[in-house]
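Worksheet: one structure, shown below.
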Amino acid sequence: MFLNCGRFRLTLDRPLLMGVINVTPDSFSDGGLYLNTAAAVAHARQLIDEGADLLDIGGESTRPGAVPVTLDEERRRVLPVLEALADAGVPLSIDTQKPELMREAAAAGAAMINDVNGFEAQGALAAVAAGHCAICIMHKQGSPQDMQQSPQYTDVVTEVRDYLQQRVAAAQQAGVSRERLLVDPGFGFGKTLNHNLELLRRLDEIAAPGVPVLAGLSRKSMIGKLTGRDAGDRLAGSVAAALFAVQRGAAIVRVHDVAATRDALAVWGAVNKPH
Ligand code: HH2
């Protein structure tokens, strides 16, 4: 399987690592660490050295209770980082819900647009349809302000899968080819611990035919609940979750800790290789 991603064509015959760059003051695990452009760019280069296959740059935290940021502020945070990394040699994804920023990021060289809002904002699909960026469609229930209050599903896996399939169809209708699409169940976005565990166990049921799955579990509160550890101390739990996700078919894992996840995947890949 391939993913067309701006000027890149990614081969998905091994799991890929997406490194997270949060250019925010308030992200749940690393808020404020990379808020200025130079710090974010240095961190990005370090994650590439550690083996990141692509990077996801975000200027608005989506943690439960996060305060939305204005277009101007989000633009001011992410575009200089994107521009400074133009020569980085890996595809750069922009994590945004705003159609204006989707367009500007694509024009500035972004290879992927990652939208935790499933491209539901007015004009979001139109903003990406004509270009060449890959798009990652994520499921969430509710908004970051209220999503963890009391998430409800009859069957979380079926509901998430149906939603993603509908959004894939809408994206294709808008003109996005299948080779540019990724889906993501949105771990922690309007889900209890049990919902997250069920989604992870049955991750192989999430993919629409021919559409690869991206999974983001890194440092999330589900890892905290299972290990009793704070966000800064969830490395081992996050690596275990990433391994389980790839075992269940995730094509890309979105992680903060690239070096450790890469080592774990190297071991997993060697054991898993057909002989
Ligand atoms: N999780 C976060 C942000 N963006 N995008 C996708 N596709 N999938 C995810 O699971 C996902 C995402 C939350 O993590 P992080 O960026 O570290 O935190 P914050 O939103 O607080 O910046």
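The values are calculated or read from the model by the stated rules, or taken from the named source; none is laboratory data. Please read all numbers here as calculations on a predicted model, not as lab measurements. Don't worry about glycine lacking a Cβ; one is built from the backbone with ideal geometry, like all the others, and counts go over all protein chains shown. Calculation scope for accessible area: heavy atoms of the full protein, side chains included, ligands and nucleic acids excluded. Shrake-Rupley method; radii C 1.70, N 1.55, O 1.52, S 1.80 Å.
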Charge dipole magnitude, Cβ of K and R +1, D and E -1 - the stretch 118-275, Cα centre, debye nearest 20: 280
Antiparallel DSSP beta bridges within the chain, percent to nearest 5: 15
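Among 214-223, 251-260, how do they line up by average Cβ neighbours within 10 Å per residue, starting with the highest? If you can, show how the numbers build up before the last one.
On the way: 214-223: 24.6, 251-260: 22.9.
Output ranking for 214-223, 251-260: 214-223, 251-260.
Placing unit charges on C-beta atoms (Lys and Arg positive, Asp and Glu negative, everything else neutral), compute the dipole magnitude of the chain about its Cα centre in debye, rounded to 20. It would help to have the intermediate numbers written out before the result.
Values: 27 positive and 31 negative charges, 98 e Å.
I would put it at about 480 debye.
How much of the accessible area of the stretch 2-272, in percent, comes from carbon and sulfur atoms when a 1.4 Å probe is used?
Accessible surface attributable to carbon and sulfur in the stretch 2-272 totals 50 percent.
So what is the calculated 222 nm ellipticity per residue for the chain, using -39500 (n - 2.57) for each DSSP H run with n of 4 or more, over all residues, to the nearest 500 deg cm²/dmol?
Per the formula, -12000 deg cm²/dmol.
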Net charge of neighbours whose Cβ lies under 10 Å from the Cβ of Gly58, counting Lys and Arg as +1 and Asp and Glu as -1: -3
Three-way shape label, the stretch 158-275, alpha-carbon gyration tensor, a/c 1.5: oblate
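Could you report the stretch 2-272's accessible area per residue, 1.4 Å probe, as an integer in Å²? Could the numbers behind the result be given before it?
Numbers: 11080 Å² over 271 residues.
Result: 41 Å² of accessible area for each residue.
Trypsin sites (Lys or Arg not before Pro), restricted to the stretch 165-199: which are DSSP loop and have at most 16 other Cβ atoms within 10 Å?
Working: sites: Arg167, Arg178, Arg180, Lys191; in loops: Lys191.
Sparse-neighbourhood loop trypsin sites (Lys or Arg not before Pro): none present.
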Cβ-based charge dipole, the stretch 2-272, positive-most Cα from His195, Gln173, Gly224: His195
Rg followed by Dmax, in Å, when the chain is reduced to its Cα trace: 17.0, 53
